[in-house]
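Here the structure comes first, spelled out in structure tokens, and everything after it is commentary.
Values in this text are rule-based calculations from the coordinates and carry no lab data. No experiment lies behind these values; they were computed from the predicted model shown. All Cβ positions, even for glycine, are placed from backbone atoms using ideal geometry, and neighbour counts span all protein chains on display.
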Amino acid sequence: MKPIYIPKGAAKEYGDYALNIYTGCPHECFYCFAPRVLFKKKQEFHNLVEPRKNIFDETIKQIEKESITGKLIHLCFSCDPYPKGFDSSTTRKIIKLLKRSGNNVQVLTKNGLDAMRDFDLLDGNDWFGITYAGYDGNVSDNNFIPSEEPNAGTPHDRLYALKQAHKLGIKTWVSAEPVINEADILSFIECADYVDMWKVGKLNYYQSEVNWYKFGHTVENLLKSKNRIYGINFYIKQSLRKEMEK
Ligand code: SF4
């Protein structure tokens, strides 16, 4: 087993290196691709959430054997590094290990509150990111739980964690993928001055009322102007880019 790997295809758009810590994820996002990638049944993936067998020892072994250092490693692609309601102490151990060996991490989560526990391990060379799909509801209300992500941390908590990371000098990013409510995404981008990097992607494999051509150009123009004025970075995912070129 080699826990640190080079993602291929669309997964590569998340990062050059990735590491998946858990066997599953309880957040039950309706659009979750992970069961498909792992050839698992949905319920099995969402119910059986534990650290992958020997993940910590195997990561040490791989780092030592391959002298892995100086890399930015994405946590995680096929699970959330902070599965809500489950023990995520292995994530802390893995981050410590990666940092100790001279690597940096790029966290992506939908569980802001648990993730903040590990901010003491991160510095200005690490990235902390949340998924924000755009929602039909009041995201400033901490009781608002999007039906599309029923067991994840609330959007309110994710935004709070992102702001805290920014205050601490950790680089911040938002994976606006898959976009569900495009108007909400655009207003978030408009007002968020604590995000260093945006990655925007469409909803794939499911019906959507979003006009991807129009949204893609609108969001790109907005991000370009933010880039000019504030220097923030952005990336349009390939599947959305294709729609923009139709
Ligand atoms: S947080 Fe990610 S891995 Fe977990 S259910 Fe949602 S899409 Fe799947």
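How much net charge surrounds residue 161 when only the other residues with a Cβ under 12 Å from the Cβ of residue 161 are counted, with Lys and Arg +1 and Asp and Glu -1? Please report the intermediate quantities before stating the final value.
Numbers: positive: 110, 117, 158, 163, 167; negative: 114, 118, 157.
Charge balance in the 12 Å sphere: +2.
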Quiz item: Using the Karplus equation 6.51 cos²θ - 1.76 cosθ + 1.60 (θ = phi - 60°), what ³J(HN,Hα) coupling, rounded to whole Hz, does each residue of segment 59-68 give in order, writing x for Gly and Pro?
Solution: 5, 4, 4, 5, 4, 5, 5, 9, 6, 7
Self-check item: D_trans [Stokes-Einstein, Kirkwood Rh over alpha-carbon pairs] for segment 4-185, 4 °C, 1.567 mPa s, µm² s⁻¹
Solution: 78
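Just to confirm the filter: which trypsin sites (Lys or Arg not before Pro) across segment 51-80 are DSSP coil and have at most 15 other Cβ within 10 angstrom of their Cβ? The partial results should precede the final answer.
Working: sites: 52, 53, 61, 65, 71; in loops: 52, 53, 71.
Taking segment 51-80 and a limit of 15 other Cβ atoms within 10 Å, the loop trypsin sites (Lys or Arg not before Pro) found are 53.
Using only the alpha carbon atoms of segment 146-246, find the Kirkwood hydrodynamic radius as the inverse mean reciprocal pair distance, in angstroms to one decimal. The partial results should precede the final answer.
Details: mean 1/r = 0.0698 Å⁻¹.
One over the average 1/r among Cα pairs gives 14.3 Å for segment 146-246.
Sort 5-16, 112-123 by packing, meaning the average of other beta carbons within 10 Å per residue, with the highest value first. Intermediate values should be presented prior to the final figure.
Numbers: 5-16: 14.1, 112-123: 18.0.
In decreasing order of mean packing, 5-16, 112-123 become 112-123, 5-16.
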Quiz prompt | Pairs from 71/214; 110/224; 224/246 whose Cα-Cα separation, in the structure shown, is over 28 Å | solution = 71/214
Exercise. For the chain, find the longest principal axis of its Cα atoms and tell me its angle to the long axis of helix 89-100, 0 to 90°, nearest 10.
Key: 80
Quiz item: Check residue 234: other-chain or 5+ apart residues with amide H under 5 Å from its amide H, H built from backbone geometry?
Solution: 198
Quiz item: Whose amide H sits under 5 Å from the amide H of residue 105, counting only residues 5 or more places off or on another chain, with H placed in the peptide plane?
Solution: 73, 127
Quiz prompt | Gyration tensor (alpha-carbon) shape descriptor, segment 85-226, a/c threshold 1.5 | solution = prolate
Quiz item: Between 154, 131, 59, which gets the highest mean-square fluctuation from a Gaussian network model of the chain, Cα cutoff 10 Å?
Solution: 59
Exercise. Just need the relative contact order of segment 4-185 here, percent rounded to a whole number, with Cα pairs under 8 Å and 6+ apart.
Key: 22
Practice problem: Provide the per-residue ³J(HN,Hα) series for segment 137-145, in order, calculated from phi with Karplus coefficients 6.51, -1.76, 1.60 and θ = phi - 60°, each as a whole number of Hz, with x at glycine and proline positions. | Solution: x, 8, 6, 7, 8, 5, 8, 7, 10
